[in-house]
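Laboratory data are not the source of any read-out in this text; all were calculated from the coordinates shown. Bear in mind that the values here come from a model prediction, so they are computed numbers and not experimental data. Glycine gets a Cβ as well: all are built from the backbone with ideal geometry, and neighbour counts include every protein chain shown.
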Amino acid sequence: MDGVAGYMQAAKRQALQNVEHVAEGVAAETLSEGKLFEIAQSIGDKRLEELNVADTTCGYCAVGCRFDLYSDGEEILAARPTEAEDAPVNGISTCVKGKFGYDFVNSDDRLTTPLVRDERGEFREATWDEALSRVVEGLGSIQEEHGGEALSVIASSKATNEENYLMGKFARQVLGTNSVDNCNRLCHSSTVAGLAKTYGYGAASISTDDLEIADCVLLTGSNTTEAHPVLATRIKQNVRDGADLLVFDPREVQIAEYATQYTRVNPGYDAVWINAITRHIVNNDLYDEAFVEERTTGFEAVREAVQEFTPERVEEVTGVPHEEIVSAAETIADADRCVFGWTLGLTEHSHGTENVMAMANLAAVTGNLGKPGTGVSPFRGQNNVQGGGGDMGPLPDNFPGYQDIADDEIRAKFEEAWECEISPEYGYYTTQMFLAADDDDLRGMYIIGENAALSEPGVNHAEDILEELEFLVVQDLFVNETAQYADVVLPACSFVEKTGTFTNTDRTVQMVNEVMEPKGDSQPDWEILQALANRMGREWSYDSTAEIMEEVNSLTPLYGGVTHDRVESEGGLQWPCWDEDHPGTERLYADAFNTDDGKAHLQAVGYSEPAETPDEEYPFTLTTGRVLYQYHTGTMTHREEGIMQYTPSDFIEINPDTAANYGIESGDMVRVTSRRGEIVVSAQVTDRVGPESVFIPIHFAESAVNRLTDEEHLDPAAATPEFKVSAVRIAPDEGDPEAVTAADAAAGGDD
């Protein structure tokens, strides 16, 4: 406001401020401290009454923390822990992202209106009507000319259960394709495959409370303190109270500082050292004979299979001394209650399913299942990867509740409910979609809440495919790296702008409540899907996500008793929850396994190694992972100014001996090259990694570590890529000196 009017308004504000200061001074001189406190409390309460407050579930990792979010209708102002009894996982705890990470909601580049690509190849804003018409035309023309199998959907583990259910339904009913998948394929699908084959359910068997009452916790491939801080706190509290903590990992991750035993292992050989522990337990009669006899099959095959893992061979391959295998084995065997936890360090391999089955064997032969303080716990990464990524069935081989699409009876049930025909042939897994597009077998994609241009292995190849697709739709909060290739970009809502449910890492279904209205013209994913389905000839008429959940529980036995009313009133329900009288299942396998005979089917696992091992040309093993102050591809956290002050850019961890041999110091720029590409990142010289390994985080587009990883060698059972092992070479960025071997580097040899 300019001129006299502006001057008068500024003067008025100044006068009011002066009056307030005078009033504060008078009050301080005349009123008691108690009275002043009462007045301050009253003013604070009045201001709180003017805010929107909703209890909800965190939208970052899958721990499932609950807290109250405060909003003035425009932005999130604060996050405060809810009542402890209403937060079954976190109590009064939160991590830095859940506490402070909400600036992305109001980011200047937040997508709030649809975009379409014009004739010049540039984006312009469009109405919803135009954008949806373009989507219908683009997907419909491919469907008409090449069939639905030429289309695929990548679903979102950021979205609610209800929305992911509709993503799977949309793919099969509307598009006519079984090629629907999600980020679970890139992380824990080998967990699902391995545990399903041995125990029947591809999920954690424990409740989070078991981490605090176990006598022993074995963690592997899990940077728990940085990736799942609230779970790490519970584990550390238990260790403080006397529990043993065993950590096996290529990096000395932060939680290893609290370990009873930390053992460094060579990346890519997890089944070897796990089988070695099992071998010692079995050969020394330390296993739970009664449990094995009564509740398992396949024990003799496992006993025979583990015999090849002799101390000499195990140390040569994994780098683990025999005495550390013995120590871990006897600690587990001596414990009355043990929990086995892991994340992607165990699963993101071309043999990840075998790794998980080896761990499942170990838990079973020691009898650590079905009792308080025992069980297996794959810590899930994205907030709803358990529910949205698996339970709800946006998968190429399963309907909701892990019901096989090849089963004629199950398929007939969904065909009747959805009024469509569904092929019994499995669709493409996520990474297979990009390979199929190379052969023109797949021509269009609908990507929802997934940044495939960064998260796919071998992103150089992924970028080429995204650019060459006949039609690409991206539905997201931002024009991220993937959306830059789209023909149409649809603005979706964040988790603070909608209502539904998430399912956390211990199978607890919890409410997500709208804290503020959607930004601009953005819409919840389920409303966008419904609008598209109706334009493509269907008659969806959902009024709410509660209504969608009613359809879910009518078709999905695991969720048979899960309703919004129950979840809201009971503070969460753990599946299986068979009907509305069922209380949910705190701990799996108390009485029986989810197999035909009710027993755990142990699987003999032999020797395996990475698809790519170091050699003279690429002498180091690269492994990847997360850091505390970032989240996945950075779509949310890179827009948090405070968080970005802690880890603003990418880096490579290099062992001091290796760094000295290359003349590299912390802060130097390092060129990292694999057979697939190269990136340049800043060095962190640290003994967290061994002399033959290096580590780079996954969070930064500008360096995109997945330019180095391999998209071709996939786990045969789960199609999980081998993110955790890539052969690379390193060099100071100012030149390209002749590569030296890892052994030379470790020994300080000459260049």
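Any idea how far the Cα center of the stretch 271-305 sits from the one of the stretch 639-666, in Å?
After rounding, the separation between the Cα centres reads 42 Å.
Summing -39500 (n - 2.57) over the DSSP H runs of n ≥ 4 in the chain and dividing by its residue number, what mean residue ellipticity at 222 nm do you reach, to the nearest 500 deg cm²/dmol? Don't jump to the answer; show the numbers that get you there.
Working: 26 runs with 255 residues, N = 751.
The helix contribution divided over the chain gives -10000 deg cm²/dmol.
Which longest uninterrupted range of the chain lacks any trypsin sites (Lys or Arg not before Pro) assigned by DSSP to a loop state (not H, G, I, E or B) and surrounded by at most 15 other Cβ atoms within 10 Å? Before the final figure, lay out the partial values.
On the way: sites that count: Arg120, Arg675.
That would be 121-674.
Give the calculated FRET efficiency between His582 and Glu415 to the nearest 0.05, with a Förster radius of 45 Å applied to their Cβ-Cβ distance. Mind showing how you got there, number by number?
Details: r = 27 Å, r/R0 = 0.61.
For His582 and Glu415, the calculated efficiency is 0.95.
If you take the Cα Rg of the stretch 155-254 and divide it by 2.2 N^0.38 Å, with N the number of residues, what do you get? Before the final figure, lay out the partial values.
On the way: Rg = 17.7 Å, N = 100, 2.2 N^0.38 = 12.7 Å.
Ratio of Cα Rg to 2.2 N^0.38 Å: 1.40.
Among His461, Leu442, Gln484, whose Cα projects farthest towards the positive end of the dipole of the stretch 441-493, with charges put on the beta-carbon of Lys, Arg (+1) and Asp, Glu (-1)?
Result: Gln484.
Taking 30 Å as the cut-off for C-alpha to C-alpha distance, list the pairs among Lys236/Lys371; Lys97/Lys498; Lys236/Lys724 that go past it. Before the final figure, lay out each step's value.
Values: Lys236/Lys371 21 Å; Lys97/Lys498 19 Å; Lys236/Lys724 26 Å.
With Cα atoms farther than 30 Å apart: none of Lys236/Lys371; Lys97/Lys498; Lys236/Lys724.
What is the set of long-range amide H partners of Gly634 at a cut-off below 5 Å, with H atoms built 1.01 Å from backbone N?
For Gly634, whose amide H was placed from the backbone, there are no distant partners under 5 Å.
By what distance, in whole Å, do the Cα atoms of the stretch 189-378 stretch along each of the three principal axes, largest value first?
Projected onto the principal axes, the Cα atoms of the stretch 189-378 cover 39, 36, 31 Å.
Along Cα→Cβ, 7 Å out, is where each label goes; now give me the distance between the ones at Asn534 and Tyr70 in nm to one decimal.
3.9 nm
Taking a ≥ b ≥ c as the square roots of the Cα gyration tensor eigenvalues, with a/c under 1.5 meaning rounded and otherwise prolate when a/b beats b/c, else oblate, which class fits the stretch 313-472?
Values: a/c = 2.79, a/b = 1.60, b/c = 1.75.
Judged from the Cα gyration tensor, the stretch 313-472 comes out oblate (a/c at least 1.5, b/c at or above a/b).
Round to a whole angstrom and tell me the spacing of the C-alpha centers of the stretch 356-388 and the stretch 313-348.
One Cα centre to the other: 15 Å.
Can you compute 3J(HN,Hα) from phi for each residue in the stretch 99-108, using the Karplus curve 6.51 cos²θ - 1.76 cosθ + 1.60 with θ = phi - 60°, rounded to whole Hz and x for Gly and Pro?
7, 10, x, 10, 4, 4, 4, 10, 4, 4
Put a dot 7 Å past each Cα toward the Cβ at Val53 and Thr113; how far apart are the dots in nm?
My value for the distance between the label points is 3.7 nm.
Tell me, what ³J(HN,Hα) does each residue in the stretch 180-188 have, in order and in whole Hz, if you take phi through Karplus 6.51 cos²θ - 1.76 cosθ + 1.60 with θ = phi - 60° and put x for Gly and Pro?
Working through the residues one at a time gives 10, 8, 7, 5, 4, 5, 8, 9, 10 Hz.
Which of rounded, prolate, oblate describes the stretch 528-614, given a ≥ b ≥ c as roots of the alpha-carbon gyration tensor eigenvalues and a/c under 1.5 marking rounded, otherwise prolate only if a/b is larger than b/c? Don't jump to the answer; show the numbers that get you there.
Numbers: a/c = 2.73, a/b = 1.40, b/c = 1.94.
Verdict is oblate for the stretch 528-614.
Can you give me the long-range amide H partners of Ala78? Hydrogens built in the peptide plane at 1.01 Å from N, cutoff under 5 Å, separation of 5 or more residues or another chain.
Tyr70
Using a ≥ b ≥ c from the Cα gyration tensor of the stretch 620-747 (square roots of the eigenvalues), is it rounded, prolate or oblate, where a/c under 1.5 gives rounded and otherwise the larger of a/b and b/c decides, a/b for prolate?
On the way: a/c = 1.86, a/b = 1.16, b/c = 1.61.
Cα axes put the stretch 620-747 in the oblate bin.
Can you pull the one-decimal nm distance between simple spin-label points at Arg80 and Ser666, each 7 Å off the Cα toward Cβ?
In this crude spin-label approximation the distance works out to 3.9 nm.
What ³J(HN,Hα) values, in whole Hz, does the Karplus curve 6.51 cos²θ - 1.76 cosθ + 1.60 give for the stretch 548-564 when θ = phi - 60°, with x put for Gly and Pro?
Values, residue by residue: 4, 4, 4, 5, 4, 6, 6, 10, 10, x, 4, 10, x, x, 8, 10, 4 Hz.
Report for the chain the percent antiparallel among DSSP-assigned beta bridges with both residues inside it, nearest 5. Walk me through the numbers on the way to the answer.
Details: 40 of 85 bridges.
Taking every DSSP beta bridge with both residues in the chain, the antiparallel ones total about 45 percent.
Counting other beta carbons within 10 Å of each Cβ, put Val153, Val365, Val265 in order, fewest first. Working shown, then result.
Details: Val153 30, Val365 27, Val265 24.
Ranked by crowding around the Cβ, least crowded first: Val265, Val365, Val153.
Using amide H atoms built in the peptide plane, which far-off residues or other-chain residues are under 5 Å from Val685 H to H?
Amide H to amide H, under 5 Å and 5 or more residues apart or across chains, Val685 pairs with Ile654, Ser666, Gly667.
In nm², what is the average projected area of the convex hull enclosing the Cα atoms of the chain?
Working: hull surface 150.6 nm².
For the Cα atoms of the chain, the hull's average projected area reads 37.7 nm².
Please state the relative contact order of the stretch 505-640 as a whole percent: Cα pairs under 8 Å, 6+ residues apart?
On the way: 101 pairs, mean separation 23.5, N = 136.
Worked out over the stretch 505-640, it gives 17 percent.
Measure out, as a whole number of angstrom, how far apart the alpha-carbon centroids of the stretch 189-234 and the stretch 668-700 sit.
If we compute the Cα centre of each part, the gap is 28 Å.
Quick one: Val136, Val725, Val496, fewest Cβ neighbours within 10 Å first, how do they rank? Mind showing how you got there, number by number?
Working: Val136 16, Val725 27, Val496 22.
Going from sparsest to densest Cβ surroundings: Val136, Val496, Val725.
So for Ile235, Ile422, fewest C-beta neighbours within 10 Å to most, what's the order? Show your work: numbers first, answer last.
Details: Ile235 25, Ile422 18.
Ordered from fewest to most neighbouring Cβ atoms within 10 Å, Ile235, Ile422 come out as Ile422, Ile235.
Below 8 Å between Cα atoms, with a sequence gap of 6+, how large is the relative contact order for the stretch 84-131 in percent?
Averaging sequence separation for qualifying contacts and normalising by length gives 21 percent for the stretch 84-131.
Suppose a student asked you for the relative contact order of the chain, using Cα pairs under 8 Å spaced at least 6 residues apart; what percent would you report?
Values: 1705 pairs, mean separation 134.7, N = 751.
That works out to 18 percent.
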